[in-house]
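Asks: Can you keep this structure in mind? I'll have questions shortly.
The values are calculated or read from the model by the stated rules, or taken from the named source; none is laboratory data. Note that the coordinates shown come from a computational prediction; the quantities given were computed from them, not determined experimentally. Cβ placement follows ideal geometry from the backbone for every residue including glycine, while neighbour counts extend to all protein chains displayed.
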Amino acid sequence: MKEKLFELTAEQLKEIAVALQEKVNIGLEKDGEELACIPTYICPKTDGIAGKALVLDLGGTNYRAAVIELGKDGKADLHPDNGWKKDLCIMKTPGFTQEQLFKEQADLIDEICDEPMPIGYCFSYPAASQPDGDAKLIRWTKGVDIKEMVGQPVGTPLMNYLNSLNRIHYTGVKVINDTVASLFAGLTHPGYDAYIGLIVGTGTNMAAFIPAEKIGKIAGTYTAGGLLPVNFESGNFVPPYLTPVDDEVDHRSINAGNQRFEKAVSGMYLGEILKATFPEAKFEEPFDARKLTGMLSYPDVYKTEYVDAARAIYKRSAQLVAASLAGLINLLATQKPGIKTVCLTAEGSLFWSEDKNGKKYHEMVLEYLHNTLTDLGHSQIKVDITQMDNANLIGSAIAALS
Ligand code: BGC
């Protein structure tokens, strides 16, 4: 019966969508609001850029480094034998320092780059984009807490560190959020009325292009006009209809009060929700979203009530993502009436996960998104979800070379 706690009606999903939209509007007007709505001062070029970039991708669990070559035809080539990935959960260890992080990052780059080139750095944490292309860390999420880095630029110190090792001289660095990297990667599919970058992995967040004149908080400081990529930091949204179990998960986390949407949706927390639902039960540690989806696909060894609750938590996560997307699309449709097609570039292991005995996560998102858009009067809007290999790396290369 506990699974009933996580049920959301169509009406509630619509309310969540509208609440998200209102909070995005507030965040576009003022700094320091629930949704940070961070404009990124990098305008991606879709053609006329060519060359090589070193791309670094610091996610919530893994770190990747590779060299990407963009051709004049817009094609991206990931040098196949020189991309590396490693688990970097060690950075969540209390007391972990910036220097240790830089060292871990440099180790992976050692063998893949043999000539000067710019760096595209996909940094998956809230960071305020600077006009020079760097970004200052606002706060950590997803269990990381390297205190001395908060408030500081994240790109230039890393590039200086790499250059000080005297191997290759990197020529510049552009820092973008992973949602913005996905957004840029989506541009390789031209012809859509609107584009969205979405991540549902260890953490969650969305980005889209917003007309500069609709971003009230930069009026007077940014006068170039046009469309700006905005990282909404939607993981910090406090949606209506969270449950006492969500409060408990928040209470137990290292950043209580922050990232409430993320704590109801993303891979790092779904297992925590199940544990908080059955405080008397013993689950394997760590019990993450991968274990939770494993439980759905191979339920025989678990109690039925745990499996039912796990399936309800998984479904609610997809519904919340769908509602937040519907709220964002409703906003984009207000800004640009007549939108009919949306290209959604989605990354993240949870987003592309599946329950072998039920619906796939991304199929549930599409279904509830369509229903909520219809309830908001947008049944004509068609959303295509694109899954691109290496979207973050390609988007970061586009940023570095634009
Ligand atoms: C971060 C975002 C990031 C998202 C997905 C969140 O915890 O705040 O910046 O885009 O995770 O990686």
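Asks: Within the group Ile68, Ile112, Ile119, which residue is without any contact (Cβ under 8 Å) to a residue 60 or more places away in the chain and out of contact with any Ser or Thr (no Cβ under 7 Å at 6 or more places or on another chain)?
Replies: Only one candidate qualifies: Ile112.
Asks: Here are the criteria: (1) touching a Lys or Arg at 6+ places or on another chain (Cβ under 9 Å); (2) within 16 Å of the ligand (Cβ to nearest atom). Tell me which single one Asp193 does not satisfy.
Replies: Just one mismatch for Asp193, condition (2).
Asks: For the range 335-370, which residues satisfy the criterion of being closer than 19 Å to Lys214 by Cα and either buried (at least 24 other Cβ atoms within 10 Å of the Cβ) or without any contact (Cβ under 8 Å) to a residue 40 or more places away in the chain (or both)?
Replies: Result: Pro337, single match.
Asks: Taking the range 250-270, which residues are of a type outside the set (D, E, K, R) and buried (at least 24 other Cβ atoms within 10 Å of the Cβ)?
Replies: The answer is Gln259, Phe261, Ala264, Val265, Ser266, Gly267, Met268, Tyr269, Leu270.
Asks: Continuing with this model, one more query. Can you tell me which residue is modelled with the lowest pLDDT among those in the range 219-277 that are in a loop (DSSP other than H, G, I, E, B) and of a type in the set (S, T, N, Q)?
Replies: Among residues in the range 219-277 that are in a loop (DSSP other than H, G, I, E, B) and of a type in the set (S, T, N, Q), the one modelled with the lowest pLDDT is Thr223.
Asks: Could you tell me how many of the residues in the range 111-128 are among the aliphatic types (A, V, I, L, M) and assigned to a strand (DSSP E or B)?
Replies: Matching residues across the range 111-128 total 3.
Asks: Report the residue count in the range 138-168 for those that are within 24 Å of Ile68 (Cβ to Cβ) and within 13 Å of the ligand (Cβ to nearest atom).
Replies: The total comes to 1.
Asks: Something else: When both residues are 6+ apart or on different chains and their Cβ atoms are under 7 Å apart, which pairs have a first residue that lies in the range 297-314 and is surrounded by fewer than 18 Cβ atoms within 10 Å (Cβ to Cβ), and a second that is among the aliphatic types (A, V, I, L, M)?
Replies: Tyr302/Met295
Asks: Answer with yes or no whether Leu56 is modelled with pLDDT under 95 and not assigned by TED's automatic domain parsing to the domain that holds Ser253.
Replies: For Leu56, the condition - modelled with pLDDT under 95 and not assigned by TED's automatic domain parsing to the domain that holds Ser253 - is not met.
Asks: Still on this model: Quick one: Ala281 ticks every box in (1) at pLDDT below 95; (2) under 23 Å from the mean Cα position of the chain (by Cα); (3) farther than 18 Å from Ser353 by Cβ except a single one, so which number is it?
Replies: Here Ala281 clears every test but (2).
Asks: Of the residues in the range 341-386, how many are within 16 Å of the ligand (Cβ to nearest atom), closer than 25 Å to Asn330 by Cα and assigned to a loop (DSSP other than H, G, I, E, B)?
Replies: Looking only at that region, the number is 4.
Asks: Taking the stated definitions as given, is Ala318 more than 30 Å from Thr277 (Cβ to Cβ) and either assigned to a helix (DSSP H, G or I) or modelled with pLDDT of 95 or more (or both)?
Replies: no
Asks: Now for a separate question. Could you check, for the range 281-288, whether at least one of its residues is surrounded by 14 or more Cβ atoms within 10 Å (Cβ to Cβ), touching an Asp or Glu at 6+ places or on another chain (Cβ under 9 Å) and not hydroxyl-bearing (Ser, Thr, Tyr)?
Replies: Yes: one or more hits.
Asks: Could you tell me which of the residues Leu108, Leu28 is in contact with a Lys or Arg (Cβ under 7 Å, 6 or more places away or on another chain), assigned to a helix (DSSP H, G or I) and crowded, with 20+ Cβ neighbours inside 10 Å?
Replies: Criteria check complete, one pass: Leu28.
Asks: Right, here's the next one. Looking only at the range 112-129, which residues are away from the ligand (no atom under 16 Å from the Cβ), touching a Phe, Trp or Tyr at 6+ places or on another chain (Cβ under 9 Å) and over 11 Å from Ala399 (Cβ atoms)?
Replies: Ile112, Cys113, Pro116, Met117, listed by residue number.
Asks: Quick check on Pro94: is it assigned to a loop (DSSP other than H, G, I, E, B) and either touching a residue at least 60 places away in the same chain (Cβ under 8 Å) or within 16 Å of the ligand (Cβ to nearest atom) (or both)?
Replies: no
Asks: As an exercise: evaluate Glu148 against (1) part of a helix (DSSP H, G or I); (2) touching a strand residue (DSSP E or B) at 6+ places or on another chain (Cβ under 9 Å); (3) within 26 Å of Ile254 (Cα to Cα) and give the number of the one condition it does not meet.
Replies: (2)
Asks: So the check is Cβ under 8 Å with 6+ separation or different chains; which pairs have a first residue in the range 125-148 that's more than 17 Å from Met91 (Cβ to Cβ) and without any contact (Cβ under 8 Å) to a residue 24 or more places away in the chain and a second one that's part of a loop (DSSP other than H, G, I, E, B) and not acidic (Asp, Glu)?
Replies: Taking only residues 6 or more apart or on different chains, the pairs are Lys136/Gln130; Lys136/Gly151; Lys136/Gln152; Lys136/Val154.
Asks: Just name the residue that is nearest to the ligand (Cβ to nearest atom) out of those in the range 212-260 that are more than 18 Å from Val24 (Cα to Cα) and of a type in the set (S, T, N, Q).
Replies: Looking at the filtered set, the residue picked out is Asn255.
Asks: Name the single residue that is nearest to the chain's Cα centre (by Cα) among those in the range 37-66 being of a type in the set (D, E, K, R) and farther than 13 Å from Tyr125 by Cα.
Replies: My answer is Arg64.
Asks: Given the criterion under 16 Å from Gly120 (Cα atoms) and of a type in the set (Asp, Glu), identify the matching residue among Glu34, Glu69.
Replies: Every option except Glu69 fails the conditions.
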